[in-house]
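J.: This is the structure I have questions about; it appears just below.
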Amino acid sequence: EAAEHGVPLLAYDDEIRKRAERRIELERELRHAIDAEQFELFLQPKFEARSQRVTGAEALLRWRHPQLGLVSPAEFIPLLEDTGLIVPVGHWVLRRAARLVRQWRKAAVGGLRIAVNVSARELRQHGFVRQCASILEGCGGEPCLDIEITESVLMEDIAHSMRILQALRDLGFGVAIDDFGTGYSSLNYLSRLPADTLKIDQSFVAQIAQSPESLALVTNTINLAHALGLRAVAEGVEEEEQAKLLRLLRCDELQGYLLGRPLPVDEFERTFLA
Ligand code: C2E
Ligand code: CA
Ligand code: CA
Ligand code: CA
């Protein structure tokens, strides 16, 4: 990589050292973050493609550090996973989402769902399904929670994934396969996967208006989803042209900066629940 970009070797070593130091610092800080209540949920709206109605939101974790500021999930989620801290943090996210859905229902804001991202470490954690069950107990009524799991995580251990997903669906959770198209699911498994939704990865959506290949891939993914009885959701929709194409292709739901950015909960409620 260094040679490719023509960076002198010394600067490259320096860069590696800096990154390692940052990592160690973040790891230390992450351990305090839960107790210090530095984690926050942001919500990004999802829309029914045809009616443009809000169907719910994806919960996206944010870490607000007093000195470092807002740290990106791309940086801290892998650290949470490596340290195992993703398990208590993920549990917090699920509880928070369940509480929100319940509040919305009490306020008669019916039918909105919240989707929560679940990482490999959580999915493989002994007792994960039991934990999810107890979170739902506090909810009452329709669960209205979806679990998003990336295609590559599911495919790591297909037999185990299938059992867990089935158990989650039996509890009333919806299941979405995230970042679809970036992993290597075989059609054989896909047809048997206990899931409700395919989320087309944003890397494909980004190119549909320019690249015939991306357009063909997205078209076929939407058709595949429908053939398997799944809903198709496109994420990373940034341009009107992309939204237009996706509606023409009968994509079920749209999500992306064009329609709404991830927002703090109170701002999301003010903007989309009024
Ligand atoms: P993801 O699940 O694929 O989430 C979509 C990411 O794309 C989010 O990044 C979102 O802010 C961003 N995004 C949404 N619309 C657009 C758009 O129109 N254009 C572009 N360029 N990006 C868009 P974010 O919030 O930085 O999260 C990154 C990843 O971190 C997520 O990817 C997910 O894998 C992980 N993550 C976030 N929150 C959680 C969590 O609570 N638990 C776990 N396990 N992982 C999480
Ligand atoms: Ca996701
Ligand atoms: Ca995704
Ligand atoms: Ca992703």
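The values are calculated or read from the model by the stated rules, or taken from the named source; none is laboratory data. Note that the coordinates shown come from a computational prediction; the quantities given were computed from them, not determined experimentally. Quick reminder, even Gly has a Cβ in these numbers, built from the backbone with ideal geometry, and neighbours come from all protein chains shown.
J.: Need at least 1 residues that are in contact with a Leu (Cβ under 6 Å, 6 or more places away or on another chain) per element, so show me which helices (runs of 4 or more DSSP H) inside segment 35-148 make the cut, counting only ones lying wholly within it.
T.: 73-83, 86-106, 128-137
J.: Here are ALA97, ALA120: which of them is within 16 Å of ligand 2 (Cβ to nearest atom), within 15 Å of the chain's Cα centre (by Cα) and under 18 Å from ALA57 (Cα atoms)? Break it down stepwise before answering.
T.: Details: ALA120 fails: under 18 Å from ALA57 (Cα atoms).
Residue meeting the stated conditions: ALA97.
J.: Here's something else I'd like to know. With the condition kept exactly as written, say whether any residue in segment 154-164 is touching a Gly at 6+ places or on another chain (Cβ under 7 Å) and either more than 16 Å from ligand 1 (Cβ to nearest atom) or not aromatic (Phe, Trp, Tyr) (or both).
T.: Residues of segment 154-164 touching a Gly at 6+ places or on another chain (Cβ under 7 Å): 155.
Cutting the leftovers down to either more than 16 Å from ligand 1 (Cβ to nearest atom) or not aromatic (Phe, Trp, Tyr) (or both) gives us 155.
So far as segment 154-164 goes, yes, one or more of its residues are touching a Gly at 6+ places or on another chain (Cβ under 7 Å) and either more than 16 Å from ligand 1 (Cβ to nearest atom) or not aromatic (Phe, Trp, Tyr) (or both).
The rows are residues; the columns are (1) modelled with pLDDT of 95 or more; (2) under 19 Å from ARG53 (Cβ atoms); (3) in contact with a Ser or Thr (Cβ under 9 Å, 6 or more places away or on another chain).
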position: LEU215; (1), (2), (3): yes, no, no
position: THR221; (1), (2), (3): yes, no, no
position: ALA225; (1), (2), (3): yes, no, yes
position: GLY236; (1), (2), (3): yes, no, yes
position: GLU240; (1), (2), (3): yes, yes, no
position: ALA243; (1), (2), (3): yes, yes, no
position: LEU254; (1), (2), (3): yes, yes, no
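J.: Going residue by residue through segment 184-202, is there one that turns out to be more than 16 Å from ligand 4 (Cβ to nearest atom), at positive phi and of a type in the set (Gly, Ala, Ser)?
T.: Checking segment 184-202: not a single residue is more than 16 Å from ligand 4 (Cβ to nearest atom), at positive phi and of a type in the set (Gly, Ala, Ser).
J.: Can you pull out every residue in segment 22-46 that is more than 13 Å from the chain's Cα centre (by Cα) and either within 16 Å of ligand 3 (Cβ to nearest atom) or among the aliphatic types (A, V, I, L, M) (or both)?
T.: ILE24, LEU26, LEU30, ALA33, ILE34, ALA36
J.: Could you please find all residues in segment 167-207 being within 12 Å of ligand 1 (Cβ to nearest atom) and part of a helix (DSSP H, G or I)?
T.: GLN202, SER203, VAL205
J.: Quick one: GLY174 ticks every box in (1) without any contact (Cβ under 8 Å) to a residue 60 or more places away in the chain; (2) within 19 Å of GLY127 (Cα to Cα) bar one, so which box is it?
T.: Condition (1) is where GLY174 drops out.
J.: Ok, one more. I'm trying to understand the selection: among the residues of segment 203-222, which are more than 16 Å from ligand 4 (Cβ to nearest atom) and in contact (Cβ under 8 Å) with a residue 12 or more places away in the chain?
T.: Correct list: ILE208, ALA209, LEU215, LEU217, VAL218, THR219, ILE222.
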